[in-house]
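Participant: Following this message is one structure expressed as structure tokens.
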């Protein structure tokens, strides 16, 4: 707690010494003495003066002593005041702490009272809930008992109804058996007549089926012969078209070779290239890395959406083209050569476009890169629902 401020108390001052009043009228005896003996008079005056100075000194000492006594009394008063203020502050602090303790105790008692009240309320709710559960259980058991009684009653009624139904059924079965016995002879006669007529109908149908089968066999034989003729004509046309395509391709390659011989620096033909070249014509080869690399390129054509670029043009009548793709070691395409053209320039152009759009095809594996600079992969392109490289 902050120290109590000590009030400013003015210190007492000593009263001023009263002035020494000289007699207004000189003593006649003194005058007489002065007149009689000047030296004695001077001595007496000196003594009186000294007496006055001594009186003043004594009076000053008394005033100083009074001032010191007043200051001591004032100091004692201040000490007493400080002690009283300290006692009051300590009492106030103790009273504050006691009140805080009482307040905490009151809060604790109030919290305990609230907790006890909540516990009692919870116990009451549990009791009410238990009573409700017991009541619901009693109601449920009573409902189950009533339901069991109802089901038992229904079961008894069902049994009675089933017994009555069985009795009625037995009666009806007896009547039905009598009716069946009465109708069995008529039915046997009708069945025999129906069987005879069915046999006659089946015989007629069999004969009709045999005749129809003979006619269908003749028609199928005629159709097969027509298909064989058409297929033969188609194969002959494809063979002629393939021969023409091979002729055109050979002419083109001859022209390219002639151009390469005239201007070797601009030729892309393998015969005029000093690069190390590898060839794979088909799917089999002793070099496993070469076969795997070629299969990877084939899957790239077969598994992506490249067929969309040829979907419309391959509907035209064409020959399955045989294409050689020359691929450099970095995966770029050196050139594309049609060994056998499709016979449709739009299909050939679309194949070139597909090959260009799917490039690059991945760098050679280290084993292939050490052997070859260019790989020439030849496959036959077949189109159905996708691109198939054979």
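Participant: Is it true that some residue in segment 325-344 is on the phi < 0 side of the Ramachandran plot, within 43 Å of the chain's Cα centre (by Cα) and buried (at least 19 other Cβ atoms within 10 Å of the Cβ)?
Facilitator: Checked segment 325-344: no residue is on the phi < 0 side of the Ramachandran plot, within 43 Å of the chain's Cα centre (by Cα) and buried (at least 19 other Cβ atoms within 10 Å of the Cβ).
Participant: Still on this structure, I have one more. Check segment 67-74 and report whether any residue there is part of a helix (DSSP H, G or I), touching a helix residue (DSSP H, G or I) at 6+ places or on another chain (Cβ under 9 Å) and touching a residue at least 12 places away in the same chain (Cβ under 8 Å).
Facilitator: no
Participant: Still on this structure, please answer the following. How many residues does segment 283-332 hold that are touching a strand residue (DSSP E or B) at 6+ places or on another chain (Cβ under 7 Å) and closer than 12 Å to residue 387 by Cβ?
Facilitator: Summing the residues that are touching a strand residue (DSSP E or B) at 6+ places or on another chain (Cβ under 7 Å) and closer than 12 Å to residue 387 by Cβ in segment 283-332 gives 11.
Participant: Could you list, ordered by first residue, the pairs with Cβ atoms under 8 Å in which the first is in segment 145-170 and on the phi > 0 side of the Ramachandran plot and the second is assigned to a helix (DSSP H, G or I), at least 6 apart or interchain?
Facilitator: The qualifying pairs do not exist here.
Bear in mind these aren't lab numbers, they're just calculated from the coordinates by the rules spelled out. Bear in mind that the values here come from a model prediction, so they are computed numbers and not experimental data. Don't worry about glycine lacking a Cβ; one is built from the backbone with ideal geometry, like all the others, and counts go over all protein chains shown.
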